[in-house]
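The values are calculated or read from the model by the stated rules, or taken from the named source; none is laboratory data. Since we're looking at a predicted model, the values are computed, not measured. Cβ: placed from backbone, ideal geometry, glycine included. Neighbour counts: every protein chain shown. SASA here: full protein model, heavy atoms, side chains in, ligands and nucleic acids out. Shrake-Rupley method; radii C 1.70, N 1.55, O 1.52, S 1.80 Å.
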Amino acid sequence: MISGQYRGYMNNSNKHESLNRTNGSAYIASFACVVPPFSADQAFSSDLVKTHYAPKLNARSLGLIRATFSHPGIRKRHFAVEDPACIMNESPDQKIARFTEKSIELASQAVRKALDQAGVRAQDVTCLVVNTCTGYICPGISTYLIERLDLPRNTRVYDLVGSGCGGAIPNLQVAESLLKTNGGVVVSVAVEICSSVFQMGDDLSLILSNALFGDGAAAAVLVNRPVGYELVASAGLYVPEQRETIRFVHKQGQLHNQLSTKLPDLVKKAASAVVNDLLSSQGLQTSDIKHWAFHTGGEKIINAVRDAIGVPEEQLRATRTILAQYGNMSSPTVWFVLEEILRNGIAAGEWCVMVAYGAGLSAHACLLRKT
C-alpha cells in the first residue's frame, strides 16, 4: 500500500543506497532503556500548564488542552526535573543547562546498564555514537560519556543531531558500519530531554507537543558475535519537501516544535514504503514478521502506519503500552517498544521490525532476528 509519490522515491536508481545489509555480521548483544524518576499523569500535567498559562491563552487553546491531555492513549510521562514547575519558567540558559546535565545523566545510566547486561567492560568499548535533537552542546554528549563512564580516551565518538524522533535507527546504521570497520564493541545511544524545549502559546503544535512528549534514553551494545539480535538489514527514506510538517523552528533563539495535521497521511506513506523496501530486499512479507516495534508518534500516526503496512492490531500491544506509560520520548522510544516486546517473549529465529519516523520528513526501519 504505497502511493505513487513514495514508490517513485524507492524505485529509482539509487534505491539500494538506502538499504544497509549486514550479512549477519552485526549483533545487538544487549540494550537498556531508562527514564528519570519523576513522572506525572496527564491530569497533573494539564493542571500545571493551565495554572501557569491560562491568563495568556485564548478559549480555543484552553479547550484543546482539555481535549489533548485527557486522551486515553497516554496515562503518564517522565520528566527530568526535581520540581516540574521549573519547566514553565526556565530561561534559555537554564533550559540548555538542564538538557546538558540530564542528557548526560540518563545516557550514562543507559550505557552502564546495557554494558552490564552484555557482560562488557567500559574499557572494551571501541566506538560510541550518540544522537539527540532536543539540545545542542559543543563538545557533544559523547565526550561527557567518555569521562563519566571512563571509556578509553581513544574511543571513536560521533554525535548525531537533527534526526528527530526517527534518530535511533540511523544511529544504529552508523554503529553497525563502525563495527564492521573497527570491530570490538560499539555503543549506540539515543537520548532526549524533550521537556527542555518546552514552549506554550496559542499554537496547536505546542499544545499537542506538551501533551505528548516525555524524557528518556536508550543504549545498545553491538558486537560481531552471534548473540542477542542479528541486525539483518535496514532502510531509510527522506522526503525533504515535507520538512515543514514536522521539525523544530527557532523563534527568539529557542526551539519550538512544529507539527502538521497532515502528518498521519504523510508518515504512513513514507513508513509503508520503507518497510516494503526492507522486507522485499530479504524476500519477506508482512505476514512473516511476528513482532513490530513502532515508534509511538501518537495514536493517529500509529493507526495510520498500522493500516498502511497491514499489521494486525494485536501485534501493536507493546507500542500501545509504551505510549500509555511514557508518551513519545522522541528518538529512544522505539527501543522502549522493543524492550516491551522482549519482556513478553521472542523465540529464537523470530523476526522483528523496528519502525521510526520523524523530522526530515523521514522514516526508517530495521530488520532484526532473534538468535
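Observations on the model:
- Given (1) surrounded by 23 or more Cβ atoms within 10 Å (Cβ to Cβ); (2) in a helix (DSSP H, G or I), index of the condition GLN123 fails: (1)
- Of residues in the stretch 53-83 being under 30 Å from PRO139 (Cβ atoms) and modelled with pLDDT under 95, the one least open to solvent (accessible area, probe 1.4 Å): ASP83
- Every residue from the stretch 91-111 that is touching a Lys or Arg at 6+ places or on another chain (Cβ under 9 Å) and open to solvent by 30 Å² or more (accessible area, probe 1.4 Å): GLU105
- Against the conditions (1) within 23 Å of SER195 (Cβ to Cβ); (2) touching a Leu at 6+ places or on another chain (Cβ under 6 Å); (3) among the polar types (S, T, N, Q), SER281 satisfies every one except (1).
- Residue within the stretch 156-166 that is open to solvent by less than 20 Å² (accessible area, probe 1.4 Å) and either of a type in the set (Val, Ile, Thr) or assigned to a strand (DSSP E or B) (or both) present: no
- Qualifying residue in the stretch 275-288 (condition: among the hydroxyl-bearing types (Ser, Thr, Tyr), over 29 Å from GLU176 (Cα atoms), touching a residue at least 12 places away in the same chain (Cβ under 8 Å) and open to solvent by less than 70 Å² (accessible area, probe 1.4 Å)): no
- Taking the stretch 174-227 as the range and being over 24 Å from TYR27 (Cβ atoms), in contact with a Ser or Thr (Cβ under 7 Å, 6 or more places away or on another chain) and hydrophobic (A, V, I, L, M, F, W, C) as the test, the residues that pass are ILE193, CYS194, VAL197, ILE207, LEU208, ALA211, PHE213.
- Residue under evaluation GLY349, criteria (1) open to solvent by 10 Å² or more (accessible area, probe 1.4 Å); (2) touching a residue at least 24 places away in the same chain (Cβ under 8 Å); (3) out of contact with any Phe, Trp or Tyr (no Cβ under 7 Å at 6 or more places or on another chain); (4) of a type in the set (Gly, Ala, Ser), criterion not met: (2)
- Remark: pairs (first residue in the stretch 92-112, in contact (Cβ under 8 Å) with a residue 12 or more places away in the chain; second residue of a type in the set (Phe, Trp, Tyr) and assigned to a helix (DSSP H, G or I); Cβ separation under 7 Å; 6+ apart in sequence or on different chains) = ILE104/TYR144.
- Residue within the stretch 307-323 that is touching a residue at least 40 places away in the same chain (Cβ under 8 Å), open to solvent by less than 10 Å² (accessible area, probe 1.4 Å) and of a type in the set (Val, Ile, Thr) present: no
- Selection count where residues are closer than 25 Å to GLU101 by Cα, open to solvent by less than 20 Å² (accessible area, probe 1.4 Å) and either touching a Phe, Trp or Tyr at 6+ places or on another chain (Cβ under 6 Å) or not charged (D, E, K, R) (or both), scope the stretch 171-197: 13
- Conditions (1) open to solvent by 30 Å² or more (accessible area, probe 1.4 Å); (2) without any contact (Cβ under 8 Å) to a residue 24 or more places away in the chain: number failed by GLN258: (2)
- If the condition is being open to solvent by 60 Å² or more (accessible area, probe 1.4 Å) and part of a strand (DSSP E or B), then the stretch 243-255 contributes ARG247, HIS250, LYS251.
- The single condition from (1) surrounded by fewer than 24 Cβ atoms within 10 Å (Cβ to Cβ); (2) on the phi > 0 side of the Ramachandran plot that SER330 fails is (1).
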